[in-house]
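Below is one structure; the comments refer to it alone.
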Amino acid sequence: MAYVAMARKWRPQSFSDMVGQEHIAQTLQNAIEGGRLHHAFLFTGTRGVGKTTSARILARTLNCTGGDPLHPCGECPSCKDFASGNPMDVFEIDAASNTGVDNIRDVIERVQYPPVIGKYKIFIIDEVHMLSTGAFNALLKTLEEPPEHVIFIFATTEVNKVPQTILSRVQRFDFKRLSVEQVRSRLRFICEQENINASDETLDVFAEKADGSMRDGLTYFDQAYAFTGSEMTADAVRSVLGIPPVELFFTLINAIEAHDLKACFKMVDDACKRGIEFTPLLDGFGKFLRNLLYTRLDAFTPDVLNVSEELYTKYKSSVPGLKNGDILRISKMLIDLQAALRYSTNPRLLVETTFARMAWLDHLTDLRRALAAINDPTKASGSADQEALKKKVTEVSTMLDAQEEAKALRQKNENPFAAMQEGIAGGYSADNFSDTVNYGNAPAYSRYEIAAAWNSIKARIADDFDFTFSVALNDTVLETGNLQETPFPIMLTYVGDTANGDNWGIRQMEEHPEYLDRLKQILEDNLQTPVVLSIQARAYTENELNMKRQAQLSPFELDKQNDSGIARLVDVFNAELIYTAKVKKQVIEAQTDEQIQDQERD
């Protein structure tokens with residue numbers, strides 16, 4: 001007899017055998033017992049979670065004539081007919097290869113005939129989302145009002161592609177992904193039945209690789225069984241499935257902690273020699289970092305993380321030099337690497353250089369402790385902390401000194417006379433003074449230009465995506481005072497129909513003093529001079545009102561206003577503008593007298 005794959009051999013035969021979908025099994029059993037069975041079902045979920053199997057169990061249960069309505073007997077004519085593999089009353093259709101209207105018409109014709117053996121004629125349409133729009137439309141009427149002896153069961157992995165007209169006519173059941181524990185317990189049951197010796201660690205490898213799919217887990221199990229035989233070990237299973245061992249990741253994280261770039265390159269080389277692809281390598285390292293962080297935080301127990309007590313303890317004690325912030329930063333770099341890997345023409349180089357960059361970066365240090373150590377280095381606890389903080393204190397001190405120098409230079413640029421005074425005090429002569437003044441930071445606008453440039457400045461403020469601040473500056477103009485005065489007086493004026501100062505923009509400025517400070521800083525940055533900023537409100541002038549009215553006129557209204565002939569035509573005939581069209585201008589070339597005479601002779 002031909003060998004039967006594990007996924008087919010151990011396919012559930014009743015609702016009680018279903019793993020991980022107890023909520024669906026219980027709902028269907030209650031409907032059968034209560035006589036409230038719907039005429040159409042839609043089973044949706046990811047691959048390998050039991051959609052088609054559940055449809056077959058439901059079809060077999062409904063047509064069984066044995067004594068138990070919830071458990072097929074396997075002895076009645078309907079059960080024997082079903083076991084033959086080609087039941088007369090159950091039609092299973094693959095919509096991926098039968099997508100057209102003609103295929104659905106064949107289904108509609110079969111619907112009219114009563115069942116031969118069982119109580120119902122059942123149509124199972126797998127991957128129903130692959131049907132064409134015409135096929136869905138042809139099925140609508142029959143699906144809404146089928147004969148009493150007909151039941152439809154649809155299965156799909158992409159329910160979003162099923163039309164709403166179909167979804168409104170069926171009962172939908174969402175199948176869940178299986179947990180690692182559920183897959184592992186089912187595999188343990190199969191091992192006991194098949195006399196296979198496998199440890200929990202070995203079965204965990206299958207369960208994690210399955211990613212919630214029982215069929216995938218059984219397929220991997222079958223593949224490893226062909227390689228190992230009845231004695232399965234975790235290392236052998238990882239080898240045949242191309243799964244990197246956890247020791248590789250401990251080697252990598254230790255190399256990152258020690259800034260050992262050579263060890264990072266060697267780890268990638270070892271993985272390649274083992275035949276491990278980069279995608280499972282990076283996925284495994286991501287899971288390793290997750291477990292490493294969770295064990296440090298005591299967020300989950302070893303059972304929840306599916307690791308042994310020994311491995312859990314090893315996670316907690318490994319890489320003490322890496323802080324939680326370092327692990328989060330490495331995780332972010334890993335996510336970016338996984339996104340870039342699919343587009344890379346040299347994936348090995350990309351992986352190696354990213355791991356090397358992880359090892360090259362310095363470890364994170366609490367900046368608050370470093371700043372506190374600047375004032376009192378004795379607060380650092382432990383020799384290791386003191387050495388690390390001593391290095392960080394030097395870096396922070398250098399950074400602060402650079403910031404002070406930049407600030408002093410900026411002040412000199414804003415007031416060149418200060419540089420002159422400093423040069424005189426320091427012994428500079430008039431001949432070398434030109435070398436002490438930095439003219440690199442020229443003002444963006446002069447005092448004469450700032451009012452006219454206000455709209456451009458508001459546009460740049462709007463580009464910063466601070467919506468409230470940007471809107472608070474609407475309907476404003478800048479009005480400048482004495483152009484020679486320092487600090488330079490500027491008035492932010494809210495212009496409206498009235499001089500009422502109680503409008504929304506002014507209230508925002510009054511309620512948010514930081515807005516005024518921010519605007520003052522923006523104006524000073526553009527002018528490179530101190531500014532005195534004040535706010536007022538006033539009504540439109542007559543000239544501004546006229547300009548506002550002109551801007552609101554349509555082109556047709558402007559033509560009526562500017563052309564008395566058009567205005568007269570509208571008044572006499574009560575004309576209305578219906579549409580406009582652009583008229584192509586005819587270009588008449590100027591002709592010389594000789595050309596005109598030649599044309600007349602012709």
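For region 479-509, enumerate the residues that are touching a strand residue (DSSP E or B) at 6+ places or on another chain (Cβ under 8 Å) and not in a strand (DSSP E or B). Correct list: G481, N482, P487, D497, T498, A499, N500, G501, N503, G505, I506, M509. Name the single residue that is farthest from Y120 (Cα to Cα) among those in region 153-167 being part of a helix (DSSP H, G or I) and open to solvent by less than 40 Å² (accessible area, probe 1.4 Å). So the residue we want is V159. Checking T99 against (1) closer than 22 Å to I166 by Cα; (2) modelled with pLDDT of 90 or more, which single condition isn't satisfied? Of everything listed in (1) closer than 22 Å to I166 by Cα; (2) modelled with pLDDT of 90 or more, T99 misses just condition (2). Would you confirm, using the coordinates I've provided, whether R215 is open to solvent by 90 Å² or more (accessible area, probe 1.4 Å), at pLDDT 90 or above and either at positive phi or not aromatic (F, W, Y) (or both)? So R215 passes the test. Taking the residues in region 126-142 that are within 15 Å of F91 (Cβ to Cβ) and part of a helix (DSSP H, G or I) as candidates, determine which candidate is farthest from the chain's Cα centre (by Cα). That would be T142. Consider region 358-370 and keep the residues that are outside any loop (DSSP other than H, G, I, E, B) and surrounded by 15 or more Cβ atoms within 10 Å (Cβ to Cβ). The one that is modelled with the lowest pLDDT is A370. Only one of the numbered conditions (1) surrounded by 18 or more Cβ atoms within 10 Å (Cβ to Cβ); (2) at pLDDT 90 or above is violated by Q182, and that is (2).
Pairs linking a residue in region 517-537 that is farther than 14 Å from P489 by Cβ and among the small types (G, A, S) to a residue that is outside any helix (DSSP H, G or I) and open to solvent by 60 Å² or more (accessible area, probe 1.4 Å), with Cβ atoms under 7 Å and 6 or more positions apart or on different chains, are A537/A499; A537/N500. Of all residues in region 101-114, those that are buried (at least 17 other Cβ atoms within 10 Å of the Cβ) and assigned to a loop (DSSP other than H, G, I, E, B) total 0.
In region 510-528, the qualifying residues are those that are aliphatic (A, V, I, L, M) and in contact with a strand residue (DSSP E or B) (Cβ under 7 Å, 6 or more places away or on another chain), and the one that is most open to solvent (accessible area, probe 1.4 Å) is L516.
Each residue in region 16-43 was checked for being on the phi > 0 side of the Ramachandran plot and free of Cβ contacts under 8 Å to residues at least 12 places away in the same chain, and 1 of them qualify.
Answer yes or no as to whether D235 is farther than 30 Å from K119 by Cβ and surrounded by fewer than 21 Cβ atoms within 10 Å (Cβ to Cβ). Answer is yes for this residue. Looking across T65, T53, T61, T46, one residue alone is over 21 Å from K121 (Cβ atoms) and in contact (Cβ under 8 Å) with a residue 40 or more places away in the chain. It is T46. For region 205-261, residues that are touching a residue at least 12 places away in the same chain (Cβ under 8 Å), more than 30 Å from W360 (Cβ to Cβ) and among the aliphatic types (A, V, I, L, M) total 12.
The values are calculated or read from the model by the stated rules, or taken from the named source; none is laboratory data. Note that the structure is a prediction, hence the values are computed from the model and not measured. Every residue, glycine among them, receives a Cβ derived from its backbone with ideal geometry; neighbour counts consider all protein chains shown. For the accessible areas, the whole protein counts, side chains as well, though only heavy atoms, and no ligand, DNA or RNA atoms are used. Shrake-Rupley method; radii C 1.70, N 1.55, O 1.52, S 1.80 Å.
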